[in-house]
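Input: a single structure, listed below in structure tokens.
The values are calculated or read from the model by the stated rules, or taken from the named source; none is laboratory data. Because the structure is predicted, anything quoted here is derived from the model rather than measured. Here the Cβ positions follow ideal geometry from the backbone for every residue, glycine too, while neighbour counts run over all protein chains shown. Heads up: the accessible areas ignore ligands, DNA and RNA and are worked out on the full protein's heavy atoms, side chains in. Shrake-Rupley method; radii C 1.70, N 1.55, O 1.52, S 1.80 Å.
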Amino acid sequence: MVTPAASHSKPDPGPDAADLLVWYDRHRRVLPWRALPGAAADPYRVWLSEIMLQQTTVAAVKPYFARFLARFPDVASLAAAPEEAVMSAWAGLGYYSRARNLHACARSVAAAGAFPDTVEGLRKLPGIGAYTAGAIAAIAFDRPAAAVDGNVERVVSRLFAVEQPLPAARPALRSLAESLVPQQRPGDFAQAVMDLGATLCTPRRPACALCPWMQPCRARKEGMQETFPRKVKREAGALRRGAAFVVQRSGDGAILLRTRPPTGLLGAMAEPPTSEWHPDYDYAQALLDAPLDARWKRLPGIVRHVFTHFPLELTVFSARVAAGTPAPEGMRFTLPAAMADEPLPGAMKKVLAHALEQKLAVPTAPAPAPEPDLATPPPAEPPPRRAPLPKVLSRRPIAAAPPRKGGPKARE
């Protein structure tokens, strides 16, 4: 029997880093923290962007990165800043333990004089895990290290058709990713794999026809690229409920706030006082959790927010207190002009908006009439409407008119 020719054919070559780098040189994304081609990367920018990009999209990070960099242009200024200023600049990005670790890391780096340039050294800093250490080492210091984030996990799982589901597959995916890293241009390679996952090898409808690794991709050959990576379905956490208390002081309009404990969910962030959050919270007993005695009004509607592990529903109570009322122990009244400096997370901004939107609404003045445009000739005026034509009377002489029926007889 003749052996099929296919059995003697050479196996398909695996993914080649050179092919990806050619694609990257043509299609690399322009990002505010990314060095231009041929320029050295700034370790501070690389580190700051990688911390911000954890669990967040590029589009969401861009404006925060610009504002953060303007406020803290280098690691020394960030290390010297008070924690409240750092948390305020971070407010809205979520996962607030990252901001606390960011501040602690900046102080460690400032004390050492520079960032470590190895994965091992970077892993010793606060808030830097395996992925962040690999990304900084590769991008900022051109070390041959793998940076394995969600985009890279998706690319690698499809390239090798890894059947093991996440998160158990992560060690295998990291090992495969490390096997692809070239000795030359490892920083560009790390960013190239990230760009590939973000722009072509997307979760849904990947653009396989444009991919530089189309040929060696096993998942594409099987026509199952959208099914990778395999994942274990995660059950949503139980709904939690609670009450939030918004107090506004007469006279100056100050709002009562407090700072949450430094550890745990929303650690060290600001909030209007709230009750504890439980699945079976009893709203009928909510006023027992109020921060002070006042004429509380329960507002209609519910504030909803979804955290990583559970959804939250808050019923909002509002009250107005007399001018000069002191804040309860551990709390503070913040003037409206200073609210922007408070590190309020997204959930608490929703609470304040729900309570104060009517009070903060300002009637808008009518828009002024536009200035005349003297450079553009005015449009031609429409022709005047013609008046209706008057009824034309007959010009025939009366004698020629026919006689009326029943009229007087003509004289002979």
Matching entry among Val86, Val61 (being more than 18 Å from Pro262 (Cβ to Cβ) and aliphatic (A, V, I, L, M)): Val61
Which numbered condition Ala268 fails, given (1) under 30 Å from Gly324 (Cβ atoms); (2) in contact (Cβ under 8 Å) with a residue 24 or more places away in the chain; (3) not in a loop (DSSP other than H, G, I, E, B): (3)
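From the list Gly237, Gly187, Gly267, which one is touching a His at 6+ places or on another chain (Cβ under 7 Å), of a type in the set (Gly, Ala, Ser) and under 30 Å from Leu102 (Cα atoms)?
Of Gly237, Gly187, Gly267, the one residue that is touching a His at 6+ places or on another chain (Cβ under 7 Å), of a type in the set (Gly, Ala, Ser) and under 30 Å from Leu102 (Cα atoms) is Gly237.
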Tally of residues being part of a strand (DSSP E or B) and over 30 Å from the mean Cα position of the chain (by Cα) across the stretch 311-330: 3
Residue under evaluation Thr308, criteria (1) assigned to a loop (DSSP other than H, G, I, E, B); (2) farther than 20 Å from Lys349 by Cβ, criterion not met: (2)
Top-ranked residue of the stretch 171-207 - restricted to ones that are open to solvent by 30 Å² or more (accessible area, probe 1.4 Å) and hydrophobic (A, V, I, L, M, F, W, C), ranked as nearest to Thr56 (Cα to Cα): Ala198
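From the residues in the stretch 226-256 that are among the polar types (S, T, N, Q) and outside any strand (DSSP E or B), which one is farthest from Asp19 (Cα to Cα)?
Of everything passing the filter in the stretch 226-256, Ser250 is farthest from Asp19 (Cα to Cα).
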Pair list, Cβ < 6 Å and 6+ apart or interchain, from the stretch 78-94 residues that are in contact (Cβ under 8 Å) with a residue 60 or more places away in the chain to residues that are part of a loop (DSSP other than H, G, I, E, B): Met87/Ala268; Met87/Pro343; Ser88/Pro343; Ala91/Pro343; Ala91/Leu344
Near pairs, Cβ below 7 angstrom, 6+ apart or cross-chain, from the stretch 137-149 (crowded, with 24+ Cβ neighbours inside 10 Å) to any residue that is of a type in the set (S, T, N, Q): Ala137/Thr118; Ile139/Gln191
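Here are some residues: Gly223, Gly197. Which one is small (Gly, Ala, Ser), outside any helix (DSSP H, G or I) and either under 15 Å from Tyr131 (Cβ atoms) or out of contact with any Phe, Trp or Tyr (no Cβ under 8 Å at 6 or more places or on another chain) (or both)?
Numbers: Gly197 fails: outside any helix (DSSP H, G or I).
Criteria check complete, one pass: Gly223.
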Any hit, the stretch 246-261, residues being open to solvent by 40 Å² or more (accessible area, probe 1.4 Å), touching a residue at least 40 places away in the same chain (Cβ under 8 Å) and either among the acidic types (Asp, Glu) or over 30 Å from Ala286 (Cα atoms) (or both): yes
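Among Phe228, Phe160, which is the only one that is in contact (Cβ under 8 Å) with a residue 12 or more places away in the chain and open to solvent by 40 Å² or more (accessible area, probe 1.4 Å)? Let's see the steps before the verdict.
Details: Phe228 fails: open to solvent by 40 Å² or more (accessible area, probe 1.4 Å).
That would be Phe160, the only listed residue that is in contact (Cβ under 8 Å) with a residue 12 or more places away in the chain and open to solvent by 40 Å² or more (accessible area, probe 1.4 Å).
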Candidate set: the stretch 309-339, residues that are over 14 Å from Ile255 (Cβ atoms) and free of Cβ contacts under 8 Å to residues at least 12 places away in the same chain; chosen: the one least open to solvent (accessible area, probe 1.4 Å): Pro326
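Can you find, within the stretch 122-156, the residue that is farthest from the chain's Cα centre (by Cα) among those that are more than 23 Å from Arg170 (Cβ to Cβ) and assigned to a helix (DSSP H, G or I)?
Phe141
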Filter result (closer than 17 Å to Leu21 by Cβ and part of a helix (DSSP H, G or I)) within the stretch 200-220: Leu210
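If you take the residues of the stretch 232-245 that are modelled with pLDDT of 90 or more and either more than 17 Å from Val316 (Cα to Cα) or among the hydrophobic types (A, V, I, L, M, F, W, C) (or both), which of them is most open to solvent (accessible area, probe 1.4 Å)? If you could, list the steps in order and put the result at the bottom.
Initial filter on the stretch 232-245 (modelled with pLDDT of 90 or more): 238-245.
Then drop every residue that is not either more than 17 Å from Val316 (Cα to Cα) or among the hydrophobic types (A, V, I, L, M, F, W, C) (or both), which leaves 238-239, 243-245.
On the way: Ala238: 68, Leu239: 52, Ala243: 0, Ala244: 0, Phe245: 0 Å².
Checked the stretch 232-245; the qualifying residue most open to solvent (accessible area, probe 1.4 Å) is Ala238.
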Residue within the stretch 114-133 that is farther than 26 Å from Trp23 by Cβ and touching a Ser or Thr at 6+ places or on another chain (Cβ under 7 Å) present: yes
